[in-house]
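Before any comments, here is the structure.
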Amino acid sequence: MKQQKNKELGTRSLTHNTLGGDESPLVYKVHLPPKSNPVTQALHVAKETLFYDDSFRQFKHQSKLNRSILGLQYIFPIFDWGRHYTFNKLIRDVVAGLTIASLAVPQDLGYAKLAHLPYVNGLYSSFVPPLIYSVLGSSRHIAIGPVAVVSLLLGTLLSNEINPTTEASQYLRLALSATFFAGIFQAGLGFLRLGFIIDFLSHATVVGFMAGAAITIGLQQLKGLLNIPTANFTTKTDIVSVLRSSFQHTYQWNWHTIVIGLVFLGFILLTKYLAHKWKRFFWLSAVAPLVSLILATIFTFHYRLENDNVVIVGDLKKGINPSSVHQLIFSGHLVGTAAKIGLVAGLIAITEGIAIGRTFAALEGYHIDGNKEFIAFGIMNIAGSATSCYTTTGSFSRSAVNYNAGAQTTVSNIVMSLTVMVVLLALTPLFKYTPNCILASIIMAAVVSLIDVRAAYLIWKVDKFDFIAMLGAFFGVLFISVEIGLLIAVSISFVKLLLTVTRPHTALLGNIPGTKVYRNVNQYKDAKRVSGVLAIRLDAPLYFSNSNYIRERILRYLHDEQDDVALSTNGLPVQYIILDLTPVTNIDVTGIIALEELETALKKKNIQLAISNPATSALEKLANSGFIERLGQQWVFLTVADAVQFCGPRVLNGCPVLEK
């Protein structure tokens with residue numbers, strides 16, 4: 001009998017008795033969806049979860065040979081764009097590669113110092129990882145290497161475990177092991193198609209975290225700018241500790257380093273301003289750090305400023321990356337520590353890298369496969385950990401220079417890598433007299449771009465809760481620590497997600513004059529409501545997490561309406577509540593029970609519940625649970641307008657609620 005009724009709901013037009021006794025058929029009918037196979041449903045959910053971007057669409061309707069070729073091109077994109085590579089593209093890539101190499105070398109030295117690692121490891125990290133990415137990566141414009149935020153994060157987390165000064169060799173081993181685990185986590189998430197995990201960090205929290213980290217990084221450079229010895233400078237990263245440490249050791253400030261640092265900092269910032277204002281001068285900001293480093297080194301060497309206590313880089317190991325496989329930690333109590341640090345650093349690195357890749361892909365109109373990028377970054381960092389590199393990702397400053405320099409493919413990364421190789425093989429002795437203060441200036445100038453004031457203002461205008469989340473991440477990094485700031489950023493993102501899920505939006509609906517459209521009365525002030533009929537839209541799926549709230553919210557709408565009617569002289573009591581289920585894309589058992597409880601509570605008040613336009617999956621579950629039969633098939637409508645058209649005249653004529 002139940003199956004017969006369900007079948008009738010989907011095969012005939014619904015008819016309702018009018019007040020005069022005639023039948024008034026509705027033009028449209030609500031169809032029950034065909035019964036779906038649970039296995040088919042599970043496969044569909046898995047596909048939408050793991051393969052939502054239809055990554056393998058290109059393999060459809062292809063021969064085995066073509067699939068093999070496409071598979072090779074999918075794994076190694078270099079075989080795809082390499083078929084169309086031209087000499088003109090090579091020239092542009094070479095120019096871009098040399099340009100970003102001029103920026104990479106001084107930044108690498110500074111970022112290694114930020115991570116409390118030997119300077120040469122920064123250079124190592126711009127040699128092997130870019131080569132790996134150029135073969136496996138799909139972004140044409142991203143420039144690979146060490147970045148400021150990840151370097152600071154590693155430096156902070158690692159130094160909490162091991163002193164980088166007194167236990168330098170063990171510290172390096174832990175850094176390399178953390179990089180290995182970062183790569184394992186990145187590649188693992190990519191293989192398992194779980195790249196969407198980074199979407200749990202909202203844009204607002206990322207903006208706040210990056211801005212806080214930028215200021216923290218800048219303040220950390222006061223040590224080099226003021227020439228304060230590492231032993232006398234705080235290991236904490238919060239702004240209060242750093243400023244206190246800086247001003248407690250004013251007797252150690254060196255006017256030589258302050259002058260050199262500020263002069264070149266001003267020079268680099270000036271070139272960045274000129275490049276921003278006139279795009280054709282982008283190369284100025286690209287070469288300014290290297291020019292500053294060379295001039296500062298010559299100046300220090302000529303005047304022998306190391307004799308005036310100016311701290312210099314000193315001797316750098318000559319030669320390309322040595323193997324570091326034997327230094328990786330796979331046993332002992334530090335394995336867990338390395339894994340935890342690697343997880344945090346790996347997620348931050350991949351979040352920044354994919355965001356940069358997608359930005360330039362959107363500008364040029366090509367697609368970035370997020371999960372494939374996870375794999376590329378992961379393999380890149382695994383290989384890096386075995387060749388004395390620490391965690392690398394896409395650098396925004398270098399990528400912007402790469403893009404403006406006209407890069408066409410990842411060959412620009414290969415050119416940069418080969419340039420760094422030449423530096424490692426032949427030029428490292430030239431950095432002996434490079435003063436630390438110039439590296440501090442280069443880093444200060446580099447992190448300025450991480451403070452996105454325009455994005456912060458937009459967040460303030462659009463969503464005040466997002467703005468509070470941004471401030472939480474910002475102040476967490478600035479006044480507590482980087483790891484606490486990151487924890488606050490993740491926590492706030494989850495809180496917002498939970499609030500959205502557990503407290504979804506609902507709306508009272510009214511008719512837009514001259515149409516059959518029903519919209520939110522708070523948005524459309526001229527929308528008209530029918531007295532005695534309450535039309536409510538539920539703007540979220542109905543789950544265990546929000547079902548009680550939605551039931552109580554509907555009853556609150558009813559109580560508010562009853563209070564208004566009691567104060568009115570011509571208002572009619574509510575006799576019908578219509579739920580617009582259009583946005584309710586799914587419902588679970590708890591949600592169905594909440595609707596049953598609502599229907600029972602309303603029936604006791606002599607109020608009839610009706611629903612309109614339930615989605616396919618929701619309607620199927622409502623029918624399977626028996627709720628449609630319980631409610632009455634005549635109370636399921638295609639649109640709110642149909643429901644009001646039927647219920648409205650009954651209220652106006654004082655008719656009682658129909659029994660099923």
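The values are calculated or read from the model by the stated rules, or taken from the named source; none is laboratory data. Just so you know, these numbers come straight off a predicted model, no measurement behind them. Here Cβ is always computed from backbone atoms with ideal geometry, including for glycine, and neighbour counts include all displayed protein chains. The accessibility values were calculated without ligands, DNA or RNA, using every heavy atom of the protein model including side chains. Shrake-Rupley method; radii C 1.70, N 1.55, O 1.52, S 1.80 Å.
Data for the structure
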read-out	value
Whole-Å semi-axes of the ellipsoid equivalent to the chain (Cα gyration tensor, √5λ, descending)	62, 28, 22
Nearest-ten-degree value, helix 168-191 long axis tilted from longest Cα axis of the chain	30
When each of LYS277/LYS461; LYS113/LYS318; LYS223/LYS318; LYS496/LYS528 is checked by Cα-Cα distance, pairs over 22 Å	LYS277/LYS461; LYS223/LYS318; LYS496/LYS528
Ranked by how many other beta carbons lie within 10 Å on average, peptides 132-138, 545-551, 248-254 from highest	132-138, 545-551, 248-254
Residues with amide H under 5 Å from that of ILE312, placed H, sequence gap 5 or more	ASN436
Theoretical gain in end-to-end length, ASN309 to LYS60 [0.36 nm per residue, Cα-Cα removed]	82.9 nm
³J(HN,Hα), Karplus 6.51/-1.76/1.60, whole Hz, each residue of segment 621-635, x for Gly, Pro	5, 5, 5, 5, 7, x, 5, 4, 5, 5, 5, x, 4, 6, 9
Computed lengthening from ASP452 to ILE197, 0.36 nm per intervening residue step minus Cα-Cα distance	89.4 nm
Length added when fully stretched, VAL462-LEU572, from 0.36 nm per residue minus Cα-Cα	35.7 nm
Beta bridge orientation in the chain: antiparallel %, DSSP, nearest 5	50
Ordering of 110-122, 553-565 by packing [mean C-beta count within 10 Å, highest first]	110-122, 553-565
Spin-label model distance (nm) - ILE298 vs GLN645, 7 Å beyond Cα toward Cβ	8.5
Table column - 3J(HN,Hα) (Hz), segment 248-259, Karplus curve with 6.51, -1.76, 1.60, x for Gly and Pro	7, 10, 4, 5, 9, 5, 10, 5, 4, 5, 5, 5
Nearest-0.05 FRET efficiency for PHE494 and LYS432, computed from C-beta distance (R0 41 Å)	0.25
Residues of type lysines that LYS64 reaches as a straight line, Cα spacing below 26 Å, ignoring anything fewer than 8 places off in the same chain	LYS47, LYS372
Segment 247-265 and segment 396-435: distance between their alpha carbon centers, rounded to Å	29
Between 0 and 90°, nearest 10: helix 38-50 axis offset from the chain longest Cα axis	40
Nearest-ten-degree value, helix 203-220 long axis tilted from longest Cα axis of the chain	20
Alpha-carbon centroid distance for the pair segment 370-393 / segment 477-548, whole angstrom	40
Shape of segment 354-458, Cα gyration tensor, a/c cut at 1.5	oblate
Backbone N under 18 Å from the GLN41 label point (7 Å along Cα→Cβ), restricted to segment 614-651	614-629
Distance between segment 193-233 and segment 271-289 - C-alpha centres, whole angstrom	24
Within segment 278-312: backbone nitrogen closer than 20 Å to the ALA168 label point (7 Å, Cα to C-beta)	306-307, 309-312
Using distinct alpha-carbon pairs, which all enter the 1/r mean, Kirkwood radius of segment 507-660 in Å	15.7
Accessible surface of ASP199 - all protein chains present, 1.4 Å probe, nearest 10 Å²	100
Distance between modelled label sites at ILE512 and GLU597, nm, 7 Å Cα→Cβ extension	3.6
Segment 64-194: C-alpha gyration tensor shape, a/c 1.5 cut-off, then a/b vs b/c	oblate
Estimated FRET transfer efficiency when R0 is 25 angstrom, pair ARG556-THR585 (beta carbons, to 0.05)	0.55
